[in-house]
Amino acid sequence: MNKRILLMHISEVSGHRKASMAIEKAIKLISPDTETKGINTFNYTNPIWERIVNHVYMSVLRNAPEIWDYLYDNPKVLRRVKHIRALIHKANSEKVHKLFSEFNPGAVVCTQAYPCGLVADYKKQFNLDLPLIGVLTDYAPHSYWIYDNVDYYVVPSKDTGQKLVRGGVLEEKIKVLGIPIDPKFT
């Protein structure tokens, strides 16, 4: 049994990264011999774009949050960017392959939608049998999380899980476990 878990997020300063770190600490407490690796996926695949996107994202949130409100989980926007996302994922598959070859994970845990989609598409492209777990840290999930090749979704509440089910996720893939917190708070 492969006891390596790859934990993926996309920004260095975020609650999503903190959730990923909390999961990593919990894994170490439960199974000390399990090897873990946390990675800022966006920085790993596109370090220059990461800086640009983070800057634009923060500027929009500060100066024009109505733009983010329009883009966030808008079905029209989702349909229009679906092919772009697929191209981005495919363009990054070589880097994902390198990461997986070097670390050889037995499972992947993602606390943000971008790496979750990237790995889901990679699994599909290469017919890979690798457990992929999406861990949502928001109570209002968006459609960018929904991929067929995600094995489980860990959600903060039953209502959050039901929103994913309404979006097409199978009920048996939903695990209501709350938002990950650092084990020191237990």
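The values are calculated or read from the model by the stated rules, or taken from the named source; none is laboratory data. From a predicted model like this one, the values you see are computed outputs, not experimental measurements. Neighbour counts run over all protein chains shown; Cβ positions are idealised from the backbone, glycine included. Quick note on the areas: whole protein, heavy atoms, side chains included, nothing else; ligands and nucleic acids left out. Shrake-Rupley method; radii C 1.70, N 1.55, O 1.52, S 1.80 Å.
When a/c is below 1.5 the answer is rounded, else prolate if a/b is larger than b/c, else oblate, so apply that to the stretch 67-169 with a ≥ b ≥ c taken from the square roots of the Cα gyration tensor eigenvalues. Each step should come with its number before you reach the end.
Values: a/c = 2.16, a/b = 1.35, b/c = 1.60.
In terms of gyration-tensor shape, oblate.
Tell me the relative contact order for the chain as a rounded percent, counting alpha carbon contacts under 8 Å between residues six or more apart. Present the calculation step by step, with values, prior to reporting the outcome.
Values: 282 pairs, mean separation 46.9, N = 186.
Worked out over the chain, it gives 25 percent.
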Problem set entry | Point-to-point label distance, ASP138-VAL13, nm (Cα→Cβ direction, 7 Å offset) | 2.0
Exercise. What percentage of the solvent-accessible surface of the stretch 82-186, computed with a 1.4 Å probe over protein heavy atoms, is contributed by carbon and sulfur atoms?
Worked result: 55
Exercise. Fully extended, how many nm does the chain gain between SER101 and ILE84 (0.36 nm per residue separation, minus their Cα-Cα distance)?
Worked result: 3.5 nm
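Provide the per residue accessible area, probe 1.4 Å, for the stretch 47-101, rounded to a whole number of square angstrom.
Working: 4320 Å² over 55 residues.
Value for the stretch 47-101: 79 Å² per residue.
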Exercise. Mean separation of Cα pairs under 8 Å and 6+ residues apart, divided by the residue count of the stretch 116-184: what relative contact order is that in percent?
Worked result: 30
